[in-house]
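Reviewing the structure listed below.
The values are calculated or read from the model by the stated rules, or taken from the named source; none is laboratory data. Just so it is clear, the model here is predicted, and its values are computed rather than measured. Here the Cβ positions follow ideal geometry from the backbone for every residue, glycine too, while neighbour counts run over all protein chains shown. We work out accessible area using only protein heavy atoms, side chains counted, and drop any ligands, DNA or RNA first. Shrake-Rupley method; radii C 1.70, N 1.55, O 1.52, S 1.80 Å.
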Amino acid sequence: MNHMLNSLLTEQPNPLTDHIDELPSAEIMELINKEDQRIAELIQPLIPVIAQAADRILKAFQSGGRLFYVGAGTSGRLGILDASECPPTYGTPPSMVQGIIAGGFRAVKDPVEGAEDSEELGAADLDEHGLDENDVVVGIAASGRTPYVLGAMRHAKEIGATVISLSNNAGTPMTLLADVSIEAVVGPEVVMGSTRMKAGSAQKMILNMLTTTAMIRLGKVYRNFMVDLNPSNEKLVHRAKRMIHLATGANEADIEQAFAGADGHVKTAIVMLMAGVDAVEAQRRLDLADGFVRSAIVGPS
């Protein structure tokens, strides 16, 4: 296995940064920045396949399925980060998008030796969540060959769940297991093998695209406002009321009244103000429109 790792592009020395250890801070950062600028350009041609993955995730959500990210180290942490942002941003239940990391929750902060080397552990950790055929599993690994992730993906495939791979090398074992394969080949790192850098940045950008696109297409965004956010603190309450103002143009008093009448639910408040209806009717319209605000404002045809 180790000699195979030696051939991976993410494990190669970068000739452009060979003398980085001799440079002052600003010049080190210039090199890092130059390499980082390549990431978005390299992702752009992958959009059709990333869109396929997002559509699979959307379909799963529409049939009551869940999204699981599975990874080790940086990849696992990025999956957990994306999953943990969905409930406050889009009002989703915590079970809908979940991140699973080799070594368990402790590995978010501290490396857990050897955890990523077991295929059986990857399968077992996924099994604990009661995976079924309606779910989607996204395996994330810069190398494309982490045993923990491969084990989880194989198990998901056996169960009949949708399997997506996100890696930073081409033609990897993960790619062979996936229904949809995303290969963000960003090349050698500034510091050889430090895949928390370009590989990690590419993964973060792609995970953002997957969940943001799926949530928009689920009706959790009106115009470009996150109207299903959970206003769980003072900052988010302020953001919620500001969104209602920007969406409706209503005055402060009317917004306060609608926000209170809607029990802090932004979508309901917007429909109340835009359609001139009470909270019960606004909620009825939203239910009929599957949560899409534009359709709810127009009302049943």
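Residues that are over 23 Å from Thr89 (Cα atoms) and in contact (Cβ under 8 Å) with a residue 12 or more places away in the chain were ranked within the stretch 251-276; the one that is least open to solvent (accessible area, probe 1.4 Å) is Ala275.
Please indicate, with yes or no, whether at least one residue in the stretch 26-45 is over 30 Å from Ala214 (Cα atoms), among the acidic types (Asp, Glu) and loosely packed, with under 15 Cβ neighbours inside 10 Å. Checking the stretch 26-45: at least one residue is over 30 Å from Ala214 (Cα atoms), among the acidic types (Asp, Glu) and loosely packed, with under 15 Cβ neighbours inside 10 Å. Provide a single number: the residues in the stretch 150-181 that are touching a helix residue (DSSP H, G or I) at 6+ places or on another chain (Cβ under 6 Å) and β-branched (Val, Ile, Thr). Within the stretch 150-181, residues that are touching a helix residue (DSSP H, G or I) at 6+ places or on another chain (Cβ under 6 Å) and β-branched (Val, Ile, Thr) number 4. Against the list (1) open to solvent by less than 30 Å² (accessible area, probe 1.4 Å); (2) in contact with a Lys or Arg (Cβ under 7 Å, 6 or more places away or on another chain), the condition Ser95 fails is (1). Consider the stretch 232-250 and keep the residues that are in a loop (DSSP other than H, G, I, E, B) and open to solvent by 40 Å² or more (accessible area, probe 1.4 Å). The one that is farthest from Gln283 (Cα to Cα) is Asn233. In the set (1) surrounded by 22 or more Cβ atoms within 10 Å (Cβ to Cβ); (2) touching a residue at least 24 places away in the same chain (Cβ under 8 Å); (3) closer than 30 Å to Ala60 by Cα; (4) of a type in the set (A, V, I, L, M), the condition left unmet by Ala282 is number (2).
The single condition from (1) out of contact with any Ser or Thr (no Cβ under 9 Å at 6 or more places or on another chain); (2) at negative phi; (3) crowded, with 19+ Cβ neighbours inside 10 Å that Gly103 fails is (2). Residue check: is Ser95 part of a helix (DSSP H, G or I) and either farther than 17 Å from Ala152 by Cα or touching a residue at least 40 places away in the same chain (Cβ under 8 Å) (or both)? No, not satisfied. Once the stretch 285-296 is narrowed to residues that are touching a residue at least 24 places away in the same chain (Cβ under 8 Å) and over 16 Å from Asn224 (Cα atoms), the residue that is nearest to the chain's Cα centre (by Cα) is Asp290. Please identify the pairs in which a residue from the stretch 109-126 that is in a loop (DSSP other than H, G, I, E, B) has its Cβ atom under 7 Å from the Cβ atom of a residue that is exposed (fewer than 15 other Cβ atoms within 10 Å of the Cβ), counting only partners at least 6 apart or on another chain. Close Cβ pairs satisfying both conditions: Val112/Arg106.
Leu81 meets the conditions (1) under 30 Å from Gly219 (Cβ atoms); (2) surrounded by fewer than 14 Cβ atoms within 10 Å (Cβ to Cβ) in every case but one. The failed one is (2). On the stretch given as the stretch 155-186, residues that are among the small types (Gly, Ala, Ser) and open to solvent by 10 Å² or more (accessible area, probe 1.4 Å) total 5.
Residues in the stretch 46-78 that are among the polar types (S, T, N, Q), part of a helix (DSSP H, G or I) and exposed (fewer than 14 other Cβ atoms within 10 Å of the Cβ): Gln62 only. Contact map, the stretch 140-154: first residue open to solvent by 10 Å² or more (accessible area, probe 1.4 Å), second residue basic (Lys, Arg) and outside any loop (DSSP other than H, G, I, E, B), Cβ cut-off under 9 Å, separation 6 or more or different chains; the map is empty.
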